[in-house]
Amino acid sequence: MEDSKTPGKDVAEDAELANAIMARQFHPSVMGPEAWEGYLFSDLEIRIKESTDLYGAVLWPSAMVLCHFLEANQDKFNLIDHNVIELGAGTGLVTIVASLLGAKVTSTDLPDVLGNLQYNVTRNTKGNSKYVPLVTELIWGPEVAQRFPRATHRFDYILAADVVYCHPYLQELLDTFDHLCQENTQILWAMRFRLDPENRFVERFRERFHLEVLYDLPSLSIKLYRGWRKDSKEVPA
């Protein structure tokens, strides 16, 4: 009998899941005055406007992986009425899906990305979400403690997709995770593996947080992690 963990079966399962995730994307049948990409989540056609002149305003596959997981695992990761913050929200797909799934979302990114982010979030959540997402600027690092004091800002989930790549702020990102993640906070983080400097970030992350692999998709070079503080008294439920 074939072992359930044999390489052939793992490859087939990876391909099946990756295909299911990528199938959620669709393209407009007729091009109008505004270019957009479509995504199917929460029984809605989500339309995302990208901005190719801004790196953070382009949607990367890691966001689709995280959105697929959130929708497919609502029984274990129920976002309804929970406080959620997204780091590096980019075009806003993860924020939009989390909001459609009932979360109170704070969507953050750099100032030059916020206009397009706000447009996409408003366009797709207005009239469809229980709570209006808050789109706001956040620069990783020391500013986080001022913008989100721990005493008054407690998040149940931190969401992040493709925030680890070749940029000089990986330490600031790690410090931001550290500040925002409190005892009962869960981090859901999708990462596309590219180069060694980014890959080593995972080991640095493990020094502060427990880390569990939820999805491993070699065909997309993406892993989805769940993280929580090492000093937590118990695993967040």
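Oblate is the label for segment 92-158, because a/c, from the alpha-carbon gyration tensor with a ≥ b ≥ c as root eigenvalues, is 1.5 or above and a/b does not exceed b/c. Segment 55-120 and segment 164-237 have Cα centres separated by 16 Å. Rounded to the nearest 20, the Cβ-based charge dipole of segment 72-165 about its Cα centre (Lys and Arg +1, Asp and Glu -1) stands at 300 debye.
The phi-based Karplus calculation (6.51 cos²θ - 1.76 cosθ + 1.60; θ = phi - 60°) puts the 3J(HN,Hα) values of segment 87-92 at 9, x, 5, x, 7, x Hz, whole numbers, x for Gly and Pro.
Output the pairs from Lys49/Lys126; Lys49/Lys223; Lys49/Lys104 with a Cα-Cα distance over 18 Å in this structure; if there are none, say none.
Lys49/Lys223; Lys49/Lys104
In the full protein context, segment 65-183 carries 40 Å² of accessible surface per residue, based on a 1.4 Å probe and ignoring ligands, DNA and RNA. Listed by number, the DSSP H helices of the chain that run 20 Å or longer by alpha-carbon position along their axis and have mean Kyte hydropathy of at least -1.0 are 7-22. Rolling a 1.4 Å probe across all protein chains gives Arg229 an accessible area of roughly 40 Å². Solvent-accessible area of Phe26, all protein chains in place: 40 Å² (probe radius 1.4 Å, heavy atoms, ligands and nucleic acids excluded). Need one word for segment 49-190: rounded, prolate or oblate. Basis is the Cα gyration tensor (sqrt eigenvalues a ≥ b ≥ c); a/c below 1.5 gives rounded, then a/b vs b/c decides. Rounded is the answer for segment 49-190, as its axis ratio a/c remains below 1.5. Ranking of Thr152, Thr91 by solvent-accessible surface, largest first: Thr152, Thr91 (1.4 Å probe, protein heavy atoms only, all chains present).
In whole percent, how big is the carbon plus sulfur part of the accessible area of the chain, probe 1.4 Å, protein atoms only? Its accessible area is 52 percent carbon and sulfur atoms. Extending 7 Å from the Cα toward the beta-carbon at both Glu212 and Met22 defines two label points whose distance is 2.9 nm. Only one of (i) 8, 35, 41, 16, 1; (ii) 7, 32, 38, 18, 4, 0; (iii) 7, 28, 32, 24, 8, 1, 0 was calculated from the structure for P(r) over Cα pairs in 10 Å bins from 0, in percent, and its label is (ii).
Remark: spin-label model distance Asn199-Asp178 equals 2.5 nm, labels positioned 7 Å along the Cα→Cβ axis. The heavy atoms of Asp109 offer some 20 square angstrom of accessible surface to a 1.4 angstrom probe.
Taking every alpha-carbon pair under 8 Å whose residues sit at least 6 apart, the chain reaches a relative contact order of 16 percent. Ordered from highest to lowest accessible area with the whole protein assembly present and a 1.4 Å probe, Asp14, Asp231 read as Asp231, Asp14. Basic side chains Lys and Arg get +1 at the Cβ, acidic Asp and Glu get -1 at the Cβ, and with that the dipole of the chain about its Cα centre reaches some 500 debye.
The values are calculated or read from the model by the stated rules, or taken from the named source; none is laboratory data. Note that the structure is a prediction, hence the values are computed from the model and not measured. So basically every Cβ, Gly included, is an ideal-geometry build from the backbone, and we count neighbours across all protein chains shown. The accessibility values were calculated without ligands, DNA or RNA, using every heavy atom of the protein model including side chains. Shrake-Rupley method; radii C 1.70, N 1.55, O 1.52, S 1.80 Å.
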